[in-house]
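Below is one structure, written out as structure tokens; the observations come after it.
The values are calculated or read from the model by the stated rules, or taken from the named source; none is laboratory data. Everything numeric here is computed off the predicted structure, so don't read it as measured data. A quick note on method: Cβ atoms are made from the backbone with ideal geometry, for glycine too, and the neighbour counts reach across all protein chains shown.
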Amino acid sequence: MSPLNQDRLFPSDPVQREIARSLYAEVRNLPIISPHGHADPKWFSEDEPFPDPAALLVIPDHYIYRMLYSQGVPLEDLGIPRLDGGPVERDPRRIWRLFAGHWHLFRGTPTRMWMEYVLHELFEVQVKLSAESADHIYDWIADCLTRPDFRPRALFDRFNIEVLATTDSPLDSLAHHQKLRDSGWKGRIIPTFRPDPVVDPELPEFESNVLRLGRITGENTASWQGYLRALFERRRFFTELGATATDHGHPSAATFDLPRTRCESLLNKALLRRITPEESEQFRGQMLIEMARMSIEDGLVMQIHPGSFRNHNAAVFHAFGRDKGADIPTRIDYVHAMKPLFDRFGNDRRLSIILFTLDESTYSRELAPMAGHYPVLKLGPAWWFYDSPEGMRFYRERVIETAGFYNTVGFNDDTRAFPSIPARHDVARRVDCAFLARLVAEHRVEEDEARELAVDLAYTLPKKSYRL
Amino acid sequence: MSPLNQDRLFPSDPVQREIARSLYAEVRNLPIISPHGHADPKWFSEDEPFPDPAALLVIPDHYIYRMLYSQGVPLEDLGIPRLDGGPVERDPRRIWRLFAGHWHLFRGTPTRMWMEYVLHELFEVQVKLSAESADHIYDWIADCLTRPDFRPRALFDRFNIEVLATTDSPLDSLAHHQKLRDSGWKGRIIPTFRPDPVVDPELPEFESNVLRLGRITGENTASWQGYLRALFERRRFFTELGATATDHGHPSAATFDLPRTRCESLLNKALLRRITPEESEQFRGQMLIEMARMSIEDGLVMQIHPGSFRNHNAAVFHAFGRDKGADIPTRIDYVHAMKPLFDRFGNDRRLSIILFTLDESTYSRELAPMAGHYPVLKLGPAWWFYDSPEGMRFYRERVIETAGFYNTVGFNDDTRAFPSIPARHDVARRVDCAFLARLVAEHRVEEDEARELAVDLAYTLPKKSYRL
Amino acid sequence: MSPLNQDRLFPSDPVQREIARSLYAEVRNLPIISPHGHADPKWFSEDEPFPDPAALLVIPDHYIYRMLYSQGVPLEDLGIPRLDGGPVERDPRRIWRLFAGHWHLFRGTPTRMWMEYVLHELFEVQVKLSAESADHIYDWIADCLTRPDFRPRALFDRFNIEVLATTDSPLDSLAHHQKLRDSGWKGRIIPTFRPDPVVDPELPEFESNVLRLGRITGENTASWQGYLRALFERRRFFTELGATATDHGHPSAATFDLPRTRCESLLNKALLRRITPEESEQFRGQMLIEMARMSIEDGLVMQIHPGSFRNHNAAVFHAFGRDKGADIPTRIDYVHAMKPLFDRFGNDRRLSIILFTLDESTYSRELAPMAGHYPVLKLGPAWWFYDSPEGMRFYRERVIETAGFYNTVGFNDDTRAFPSIPARHDVARRVDCAFLARLVAEHRVEEDEARELAVDLAYTLPKKSYRL
């Protein structure tokens, strides 16, 4: 029997708890729609066993190693590879023990809830994680991983995933997606078009990326029109392999609607590396409008994920590279930043934009009022640091009264930690049921409406919003 | 029997619910003080029947049509008039059906609670609103509207409104207020002096408005002194007809205390339309100080409503004009912006400023600390998008510990939807009783204090704060 | 018997209340660690009786007089001394009566809870405070104050304070700390090094302070190196008398890492009063990096308290001076501002920075993500206006999921109101137990973990974080 309490995350008030249980019964077994995330398609195309507990559950999870790092554990000791190839811990069991010995640090965090679900529901571990139980649990999981029912495709089926979207560079050949499609396996795994590598002039690889984009598509990407044609062609290619959405991870939400000559000049400067930070911001902002224009043509839903100061820790960045738990949210403005895009396409019903934020102060002030008005706009769920019980509750409390439920799009797990996908959806479903239970208990919605809403939030809205 | 639950908006915890019920019993029948809103005085001076359900409840309510618009319903289909006179839906029944068919969109919004109160308490509709019941309810309400007890004055009396303030341009003749006064009817309806049309140089009509102000008052409003005298004279006129307050809806909270020569020059530039946006900001900011100075003289309470980016949707603005649900809040600074005004008059006990915000992040950071110190400052209630159960609760939780209850002013309904006034006050009273019930249940205030506070918030504070 | 309810601040839900009671039983009698505050060491070195109820409880408490001032009570009537020596109320009984007559203003504020604890638990007053009981309570307290068990040292012992840190200028001789040390009394009272008077060029006394610093240390503080040596020497002196921490109260969180020639030039300009506001900001920001560097050497924990607009009310400042309840929080950026410091020392495990904020919007957006990553960073508790039940709950809800409990440092009372110290710690312990009780009741942490966490938050974390 799992040590997880069946009422976890439900309010303790008996009236609300009873309603929450009843709502959750309607959604707990619904298929998982995962329209935004960072799973590796290779797992499924090759269907190899996952290597070991540390490589599966610790080393790739920046929520985990950032917390240990914040408490003084060197990243090397956790097996995070150094860019200079310098020595790091190679023994997965030692990494696992180090993690287990710091398990108390995660009290009160969502990582704790996800990991417990993975341990007790997925691997059916019967003891609690601790320094003492570390070896036992390590062996138990390692043993599971050798079994066929813990291979990626088997887990995908067991997780009841109806569709899983990955996030991919326009330069990616999508070979694994192609291979998956050719394999005859029925799991639906689709790519998402994320053009950041070829639209952000501040990346050191921008020039080579754009030239590669040209080679891939046979377009002259040094010209503005060729560059746009190449992008549109790659979108077509992604769509062929099932993509229904694009994704844009910009430092800000700035959009620009510049004259064509200015666009040409910016691209030119960018390729010659003579572009200023302000001009790079303009270029990225212009590209959001270009992408919106293409979305109107090809029907891809447009996701915008702005506001992260990437690689804030210079030393960690130099030693370990990108995405090492050192991205920090910044204050962000949407009202002025998005106006050029809305002025151009804000009322075009063919376009659908899903907007995310890392600045909770914008929920009620900017995002909900905009989503409650503009036909093109829907709000993505509580994102990243806010993909947590308090974070999701705060999101609902600050967004719904102005935007309504139907201008939101349900849950995204947004994870590269594949085994945690059911855990994350379960937390989200429970938190939404708890929120709805309060509304019912306070006679703010009827129970039959709440039942419908619970299903909409867990299943219908993500499916519909992402045109799946 | 009304389908509305008598415990709506009360906490489900039995201890808190019992206290909330008991507090609510003290305030539910108190007269309504409506010191800030947008009712049309003509309704009461002419006392004609309201035309039809759509014209009464849908077409004028931007909370309603913004939500439908956000989900793809054209504003034309809702009967919103186009500026170019182009065709829009004219059949109120079809508009009502369209609204009813989208009723689920309002789940979890305050509009839902207000409308249900209007349907079930005011019109005593016995069935729930839906696509199926739309026609029945339409006919039922249409029938009510033909009856004398649904005429404006009868409703005013039935609503138990002790005083209702409208919001009026300084160019308004206040003919309806005069007519009301002459009619002998006892309902107290008073104007509020809102000088925006003659103090905002960025309005296209600024110059003609200022000249008209001059004609009305016999002053030379092209001169700074004449312009100020004209404004003071209009304030006097409003006061004669019962006004106790002014209102100022500026894009920011900026105040300026400029030398007289600079003021003269700014007015000059504004009238010649040679004023920059920065200078317009200075002019408006200067006018807040001028208005404060006049308030010290004539005793009018000064309301400031800053921080809305008006008419954010360019296409909607061009097709339909102002106030079409496309105003979006912006981030705002009060600490630096209000300093010139506070430096000048912040300690003058004759002055009373009621400040509002659309930026909830300022509640605890700026507004409560300022209101808990400056003798001239009180905080208006949760405004506009935050006039909702979660919005009002958040306001209390973030404001009261620093500002106390007595630096707030109770509730404003701020509505042009006259039939919803009792609904809005009822929601506010319930939410305040729920908040107080938690304080009592957690032994943070005594029950007898909570009783007093409930009455203060519902009745005493608005009456006193607005000098009614 | 005290009129205080034993369950105050606990949730009313019976499940949560029971857990909260049980957690609180573990922490209520733990010794008080007070690692940051503004007690006067003279009280303890001289151990004189406190003069009278008004001088003890009203006149020094800006939470109290700011509220009364906001409601129109002149500061003079509360006995606040004027800078010009003008007449102010001298009769402590009249001041006490004035305070008591306005007691209702504090409903819902933390001041109310603290004062009630002081009255009923410390002084064992049996009646509630009101205009009617004012004289009786005044006499009762005045009588207590004549007794030996109400002298400062007796109270210190009775309060079960294990360690109390004061906050002191680098120019302070620490004579009272020395005298305390020499006295043989066992109470542990330690200084904190707060260099603001000699690092902020915008203070009018900056130049004379820096010269005095030179005289005290025998260094030439007009030279950059001499100035730094003098500061380091004073830190050494503070450390000798027990200091374990520094504190920095800057207007912003800006840090700068400038070339040495620029530092020399800024110091030079500052001493000649030819420094611009931007340069002053640079100088202060540079000094944070210098202080961090010294902390790595001498081990002092570094506290940063940024974001207060000091003395916002010009008239009050001119009439009464600093710290008169007119400091207002401002919006603040940490992500860009702290980067130079983190670039330099963010990964140095010898350094420990405790960061505070007055801008709650930064809790989840900036502070928790940074503290959950940077090894040098911990978050101070909810500060100043947020040192309140709702403030502390909001802090936990917005911080813990990302930073975890162990990147926070427990409670600071931060007070100059010595008799209220147990009251403040009691409120914090209750609020933390209530928060933990919800986590337990919702099966988010286990009860045994919550027990450990309650003790960590109340005792272990402050002791460890401040290296006590």
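Per-residue answers, yes or no, for (1) outside the structural domain of A:Phe320 (by TED's automatic domain parsing); (2) among the small types (Gly, Ala, Ser); (3) buried (at least 19 other Cβ atoms within 10 Å of the Cβ); (4) farther than 21 Å from A:Val431 by Cβ:
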| site | (1), (2), (3), (4) |
| --- | --- |
| A:Ser70 | yes, yes, yes, yes |
| A:Leu83 | yes, no, no, yes |
| A:Arg94 | yes, no, no, yes |
| A:Thr109 | yes, no, yes, no |
| A:Leu129 | yes, no, yes, yes |
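Just one of B:Leu30, B:Leu98, B:Leu83, B:Leu78 is among the aliphatic types (A, V, I, L, M) and closer than 30 Å to B:Asp432 by Cα; which is it? Show your work before the answer.
Details: B:Leu98 fails: closer than 30 Å to B:Asp432 by Cα; B:Leu83 fails: closer than 30 Å to B:Asp432 by Cα; B:Leu78 fails: closer than 30 Å to B:Asp432 by Cα.
After ruling out the rest, the residue left standing is B:Leu30.
Can you spot a residue in region C:142-149 that is more than 15 Å from C:Arg424 (Cβ to Cβ) and either under 22 Å from the mean Cα position of the chain (by Cα) or surrounded by 22 or more Cβ atoms within 10 Å (Cβ to Cβ) (or both)?
In the first step, residues of region C:142-149 are kept if they are more than 15 Å from C:Arg424 (Cβ to Cβ); the result is C:142-149.
Next cut, either under 22 Å from the mean Cα position of the chain (by Cα) or surrounded by 22 or more Cβ atoms within 10 Å (Cβ to Cβ) (or both) only: none.
No - not one qualifying residue is present in region C:142-149.
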Filter region A:355-412 down to the residues that are within 21 Å of the chain's Cα centre (by Cα), closer than 17 Å to A:Val455 by Cα and of a type in the set (A, V, I, L, M), then identify the one that is nearest to the other protein chains (Cβ to nearest Cβ). A:Met392
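I'd like the full set of residues that are within 17 Å of C:Val376 (Cβ to Cβ) and either aliphatic (A, V, I, L, M) or more than 9 Å from every other protein chain (Cβ to nearest Cβ) (or both), limited to region C:327-343.
C:Val335, C:Ala337, C:Met338, C:Pro340, C:Leu341
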Selected residue [of a type outside the set (Asp, Glu), in contact with a helix residue (DSSP H, G or I) (Cβ under 7 Å, 6 or more places away or on another chain) and farther than 30 Å from A:Lys463 by Cβ] from A:Ala270, A:Ala292: A:Ala270
Residues satisfying the stated conditions in region C:302-312, i.e. more than 12 Å from chain B (Cβ to nearest Cβ) and touching a strand residue (DSSP E or B) at 6+ places or on another chain (Cβ under 6 Å): C:Met302, C:Gln303, C:Ile304
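Here is a yes/no grid of residues against (1) at pLDDT 95 or above; (2) more than 30 Å from C:Ile189 (Cβ to Cβ); (3) among the polar types (S, T, N, Q):
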site: C:Phe356; (1), (2), (3): yes, no, no
site: C:Pro369; (1), (2), (3): yes, yes, no
site: C:Pro375; (1), (2), (3): yes, yes, no
site: C:Gly391; (1), (2), (3): yes, no, no
site: C:Asn407; (1), (2), (3): yes, no, yes
Restricted to region A:313-326 and to residues being within 7 Å of chain C (Cβ to nearest Cβ) and closer than 18 Å to A:Leu203 by Cβ, the residue surrounded by the most Cβ atoms within 10 Å (Cβ to Cβ) is A:Ala326
Could you please tell me which pairs satisfy a Cβ distance under 8 Å, a separation of 6+ or placement on different chains, a first residue in region B:203-216 that is under 13 Å from B:Ser280 (Cα atoms), and a second residue that is assigned to a helix (DSSP H, G or I) and of a type outside the set (A, V, I, L, M)? B:Leu203/B:Asp196; B:Leu203/B:Pro197; B:Leu203/B:Asn209; B:Phe206/B:Pro197
Inside region A:245-296, can you point out the residues that are farther than 22 Å from A:Gly214 by Cβ, surrounded by fewer than 21 Cβ atoms within 10 Å (Cβ to Cβ) and among the hydroxyl-bearing types (Ser, Thr, Tyr)? A:Ser252, A:Thr276
Could you check region A:377-425 and list, in sequence order, the residues that are aromatic (Phe, Trp, Tyr) and either outside the structural domain of A:Glu452 (by TED's automatic domain parsing) or in a helix (DSSP H, G or I) (or both)? A:Trp384, A:Phe385, A:Tyr386, A:Phe394, A:Tyr395, A:Phe405, A:Tyr406, A:Phe418
Somewhere in region B:18-28, is a residue of a type in the set (D, E, K, R), more than 30 Å from B:Ser465 (Cβ to Cβ) and not assigned by TED's automatic domain parsing to the domain that holds B:Ala134? yes
Taking region C:1-54 and the residues there that are in a helix (DSSP H, G or I) and at the interface with chain B (Cβ under 10 Å from one of its Cβ atoms), the one that is surrounded by the fewest Cβ atoms within 10 Å (Cβ to Cβ) would be C:Pro14
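With respect to C:Leu68, is the statement that it is more than 14 Å from chain B (Cβ to nearest Cβ) and at pLDDT 95 or above true?
For C:Leu68, the condition - more than 14 Å from chain B (Cβ to nearest Cβ) and at pLDDT 95 or above - is not met.
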Within region A:344-354, count every residue that is of a type in the set (S, T, N, Q) and more than 7 Å from every other protein chain (Cβ to nearest Cβ). 1
With the structure loaded, tell me whether B:Ala434 is assigned by TED's automatic domain parsing to the domain that holds B:Pro31, among the small types (Gly, Ala, Ser) and within 27 Å of B:Gly249 (Cβ to Cβ) or whether it fails that test. no
